[in-house]
Structures are given as C-alpha cells and as structure tokens.
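Read-outs: derived from the displayed coordinates by stated rules, not from any lab. All values derive from a computational prediction rather than experimental measurement. Methodologically, a virtual Cβ is constructed for each residue, glycine included, from the backbone with ideal geometry; neighbour enumeration extends over all protein chains shown.
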Amino acid sequence: MAAERVDGHRPAQIGSGQAAPALGMTRRHLRIAAFAAVQVFPILALAPLMPQVAAWSPPAYAALAGAQTLFIFAARRMVGLRWSATVAAAMVAVLVGPFSAVGWLIAVPLMIAGAAFDGMMWMLERSRLPVVLLHVLIGGVVGSALFVVSLPVMSAEHLQPGLLLATWLSRVVTSVCGSWLSARLVAALHRAGVR
C-alpha cells in the first residue's frame, strides 16, 4: 500500500485537481465553501477573547489563532485544487469580517495563511521527504509568514527579543499542528466515505 502523503492523499493523487477527477468544478467550489463555512465557527467563538489575549500575551494569541486556519488547510487537502486554501480563506474573511474586532483586516492573515499553505503544498506535492518533515516545512513557512504579518500590529512593549521568539515559535508550532490535523481530518473523512 502506498504511503500517505502530507495532504492526506496518495502520492499519485496530489496536485491540481487529481485527487477527485470525477468531481466537477462547481462541486469542488461548493466543498471549499463548506469548509469555509465550518471555519467561521471557531473564529467567531474565539472572537471575544482574541483582543484581550493579544494585549496580554502575543504567544498565547498566536496559539489561539492557529484554530482560525484548520478548515482552510483541510479545504486544500480535500479538494486538491491548487488555490483551494486561498479561496477558502477569502470566503471566511467575507463571512466573518463584519463580526471581527479588526473588521475586514482579518482577511490579511487568513489570505496569507491560505496562500502560504497553497504555495507550500504545490512546491512539495512531488516531494519524497517523510510526511512529518513535510508538515514541519509547511508549518514553518505558514507560521513565519503569519508572524511577519503580526509584527506591525504588536505593541511596543511586546517587541522584546524573548517575547518575539516565543510568538514566532507559537505561530510555527500551531501551523505545524494545523497542517497535521488537517491531514488527519481529511483522512478521517475519506475513511467515512466522504470523497
């Protein structure tokens, strides 16, 4: 039996839409929308806490923010289209923008996370590296991109080397976990017969 790859599919199924060739484009986009709709719930559930946590501890905020991308990542893995995570992130931003403490600015980290994830999945789709290392590479790039985006909005008192390092590590670790959990979620959906 072929080894499962980083996106939850077999190696021959990874790529631009190869995971489910019988699906039409409209059906694929509806699946992306379904994952985006599910992603709205954790974001809205955490929304009241996020401003206070950000003011108190950027590393804790970064850890909580990891919950905002799990289903965006899963959309890319499930659908298999190259920009699925970015499209899902845009849909989520449209749905939560009016309710977010930062308004439409929430689109920036969501879209960057989606685009970074899509880009890494595309770059690594033919990789023969161990799956664990692929999750680390994806999480490292996504987490680092999110860290860079968060720097301009961090308060001056939080711009200390130790706190910055802890925030970056928190972003990377939660992004690695998000990559791994999204692969497990898609694998579980496949086992349950959802294709």
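List of remarks:
- Cβ-to-Cβ counts within 10 Å put 72, 112 in ascending order as 112, 72, the fewest first.
- Projected label distance in nm at residue 153 and residue 194, using a 7 Å step from Cα toward the beta-carbon: 2.8
- Euclidean distance of C-alpha centroids, the range 156-195 and the range 71-137, integer Å: 11
- With contacts taken as Cα pairs under 8 Å and at least 6 residues apart, the range 88-170 reaches a relative contact order of 24 percent.
- Each of 121, 25 was scored by other Cβ atoms within 10 Å of its Cβ. Arranged with the fewest first, they read 25, 121.
- Rounded to the nearest 500, the helix-only mean residue ellipticity at 222 nm of the chain stands at -22000 deg cm²/dmol, with each DSSP H run of n ≥ 4 adding -39,500 (n - 2.57).
- Couplings 3J(HN,Hα) for the range 35-47, derived from phi with the Karplus relation 6.51 cos²θ - 1.76 cosθ + 1.60 (θ = phi - 60°), are 5, 4, 5, 5, 5, 4, 5, x, 5, 5, 5, 8, 3 Hz, where x marks Gly and Pro.
- Result for the chain in a Gaussian network model with C-alpha springs under 10 Å: among 114, 97, 66, the largest mean-square fluctuation is at 97.
- Based on C-alpha pairs under 8 angstrom that are at least 6 apart in sequence, the chain has a relative contact order of 27 percent.
- Answer label, with Cα extents along the principal axes in Å calculated from the coordinates and candidates (1) 54, 39, 33; (2) 59, 39, 34; (3) 52, 36, 24: (3)
- 100, 127 arranged by Cβ crowding within 10 Å, fewest neighbours leading: 127, 100
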